[in-house]
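Heads up, the thing below is written out as structure tokens.
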Amino acid sequence: MELFDATGADRETATYDEPQARKGFFTDTTLCIGCKACEVACKEWNQLPSDGMTFTAQSYDNTGELNGTTWRHVAFVEELRNGKGGGDEQVLRAQAGRWLMESDVCKHCTHAACLDVCPTGSLIRTEFGTVVVQEDVCNGCGYCVPACPFGVIDKRQTDGHAGKCTLCYDRLTDGETPACAKACPTESIQFGDLDELRARADARLEKVRANAHFRDASLYLRGDDDGIGGGGAFFLLLDKPEVYGLPPDPVVTTRDLGAMWRVAGKAALALVGVTALAALGARK
Amino acid sequence: MTAQANGAASASYYGRPVVKPHVWTPMIPWYFWIGGMAGAASVQCVAARVRGEHDLAVVYKRAALAGAMTAPVLLIADLGVPARFMNMLRVFKPTSPMSVGSWILSAFGAAVTASTLAELLGWERTSRALEVVTASFGPGLTVYTAVLIADTATPVWHEAYDTLPFLFAASGVGGAGAIGSAFAPADQTAFARRLMIAGAFGVPIVGHLMEKRLGRFMAEPYRTGKAGSFRRVAEFLSLAGGAIGLLGGKNRTALRGAAVCVAASGVFERFAVSAAGTQSAKDPKYVVQPQRERVDEREPASVDT
Ligand code: SF4
């Protein structure tokens, strides 16, 4: 869409002094043990404040969600025999329950809504193909918050500006691995060149699917043809995305922006037309 | 192996939201109304000039100026880092309706301020020309806010992108008409009264059309909870204002009463839209269900048995 090109917000059209291969995360949820090392490593490296102590009573998940100060979030889907965690009781009884863990993160979308709608140019596409908030430019308008189709980015209470995963931009520029991937003890979080990660994920999916229990496994946001043009961060999931709190068919809202402005143009014309009619018709 | 968590129609992660609700303070719905009114007032100002009703035109011009002065205050107060408000004009980004809108508002504000200054200096022709310039940004100012909220992942905003601009336009026309009706000299109210009535009936009509196009499921957030209450108040005020305006004729008291109703109804309507957005973002089913249907339609084989 021509509007995308105008800002260089897209991976394909942006230009850099020192171009790099697109970097990303492949999060293989089958390997996640729910240790939250990624959450802690992220907080520690990025010096993010705690969100306070809350007990959600939702399995081991007391983090709850990604927000301006929490950039990795481990989801726990706990489904036990008694069906406490919800789910189809018959299936669960037969299986004696199951655990799904998934470490969620910003998807670093190919078509990123947060970046598109940002009015200040604070959100940028880096040379690594990642999406980063320039904290010293952001004025805290909050537009990116409802724009993200994954509910990732948020306005921080502490300093008023938006915050989210940077894929450890500072570490990348030094050739280092992002903190979460470095800390992950099971290689559930894998970092690298996106092309390579995708190839690795394809092989892994085939292997996982060979197991009859996991025939529903799928790669989420791997590829270029979904509603966000693919994620720089993508996932191997064992169940439907919504089970993990992910949208099953996310679409970048700006895809329809041209259509929206056309409607707005008609509404503006209607406004002028009604005013003109009233001006002609009304007696003095 | 489908986990239908908590027996809901669509699966979710402990019923937690998938997308984040907007984080705007009440300054923003207020701004939506004031900016919408000011934009429509600038157009009505030029129309009044054409009709030779100059006192009425001045009323509209003052309304546009007041709106243009108040708007930035509301917008800046809503920012997380207010000192950086000038960053709004750091770039011009066509992909960001807020960027486009900031420029429209700035141009509108500059034009109406310059026109008012020219008027005070007695430069009548310059002042009139600048009124036309102001009016050229007016419709944009009134409708861009609808694009702004539609351009999000908030289900009931995005899905309503084909009607929201008309809703905001109708409400803007009614709001400006109400100001004109309330403050114009007695012999120049006919035009403003018409527009006030048009807006008063236009808003509920467009609102119902919007609900119909959204369908029963997606319209729910507009009908229930806080949003539903706000809308019912807005609708009542709208119809009451419209009826009083129609039946009261040129009676000043009736006109002013109607104007208060119509203006207030516009404010409630904006707060309703804001609350509906929040409600639809907080309940994951409004995000998941339509997307799940799309996926299942595309690849029916993936439906579990
Ligand atoms: S997941 Fe959300 S915050 Fe991350 S790049 Fe995409 S739109 Fe932006």
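Summary of computed values
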| quantity | calculated |
| --- | --- |
| Enumeration of residues in the range A:199-216 that are surrounded by 13 or more Cβ atoms within 10 Å (Cβ to Cβ) and either of a type in the set (A, V, I, L, M, F, W, C) or not assigned by TED's automatic domain parsing to the domain that holds A:Cys165 (or both) | A:Ala201, A:Leu205, A:Val208, A:Phe214 |
| Positions within the range A:162-178 being surrounded by fewer than 20 Cβ atoms within 10 Å (Cβ to Cβ) and at positive phi, in sequence order | A:Gly175 |
| Test: B:Val206 is of a type in the set (A, V, I, L, M), within 12 Å of another protein chain (Cβ to nearest Cβ) and out of contact with any His (no Cβ under 7 Å at 6 or more places or on another chain) | yes |
| Which numbered condition B:Trp103 fails, given (1) more than 10 Å from chain A (Cβ to nearest Cβ); (2) within 30 Å of A:Asp136 (Cβ to Cβ) | (1) |
| Any hit, the range B:279-286, residues being crowded, with 24+ Cβ neighbours inside 10 Å, aliphatic (A, V, I, L, M) and under 20 Å from the mean Cα position of the chain (by Cα) | yes |
| Options B:Thr142, B:Thr134, B:Thr126; residue that is within 12 Å of chain A (Cβ to nearest Cβ), in contact with a helix residue (DSSP H, G or I) (Cβ under 8 Å, 6 or more places away or on another chain), assigned to a helix (DSSP H, G or I) and farther than 17 Å from A:Gly142 by Cα | B:Thr142 |
| Selection from the range A:109-120 of residues that are open to solvent by less than 10 Å² (accessible area, probe 1.4 Å) and either closer than 18 Å to A:Thr69 by Cβ or more than 12 Å from the ligand (Cβ to nearest atom) (or both) | A:Pro119, A:Thr120 |
| Every residue from the range B:77-88 that is open to solvent by 50 Å² or more (accessible area, probe 1.4 Å) and either at the interface with chain A (Cβ under 7 Å from one of its Cβ atoms) or at pLDDT 95 or above (or both) | B:Ala77, B:Arg84, B:Phe85 |
| Members of the range B:89-107 that are of a type outside the set (D, E, K, R), crowded, with 22+ Cβ neighbours inside 10 Å and more than 19 Å from the chain's Cα centre (by Cα) | B:Thr95 |
| Filtered residue count, the range A:141-160, keeping only those that are surrounded by fewer than 24 Cβ atoms within 10 Å (Cβ to Cβ) and either in contact with a strand residue (DSSP E or B) (Cβ under 9 Å, 6 or more places away or on another chain) or in contact (Cβ under 8 Å) with a residue 40 or more places away in the chain (or both) | 4 |
| Checklist (1) open to solvent by less than 20 Å² (accessible area, probe 1.4 Å); (2) farther than 30 Å from A:Asp104 by Cβ applied to B:Ile34, failing item | (1) |
| Residue within the range B:78-100 that is within 29 Å of B:Ala182 (Cα to Cα), of a type outside the set (Lys, Arg) and in contact with a Ser or Thr (Cβ under 8 Å, 6 or more places away or on another chain) present | no |
| Single residue of the range A:217-276 satisfying the filter (within 15 Å of the ligand (Cβ to nearest atom) and β-branched (Val, Ile, Thr)) that is surrounded by the fewest Cβ atoms within 10 Å (Cβ to Cβ) | A:Val251 |
| The range B:156-196, residues that are surrounded by fewer than 24 Cβ atoms within 10 Å (Cβ to Cβ), part of a helix (DSSP H, G or I) and more than 8 Å from every other protein chain (Cβ to nearest Cβ) | B:Ala182, B:Phe183, B:Ala186 |
| Number of the exception - A:Asp216 against (1) part of a helix (DSSP H, G or I); (2) facing chain B (nearest Cβ under 10 Å) | (1) |
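The values are calculated or read from the model by the stated rules, or taken from the named source; none is laboratory data. Given the structure is predicted, the values throughout are model-derived calculations rather than measurements. Using ideal geometry, Cβ is built from the backbone for each residue, glycine included, and neighbour counts are taken over all protein chains shown. Surface accessibility is based on the protein's heavy atoms, side chains included, excluding ligands, DNA and RNA. Shrake-Rupley method; radii C 1.70, N 1.55, O 1.52, S 1.80 Å.
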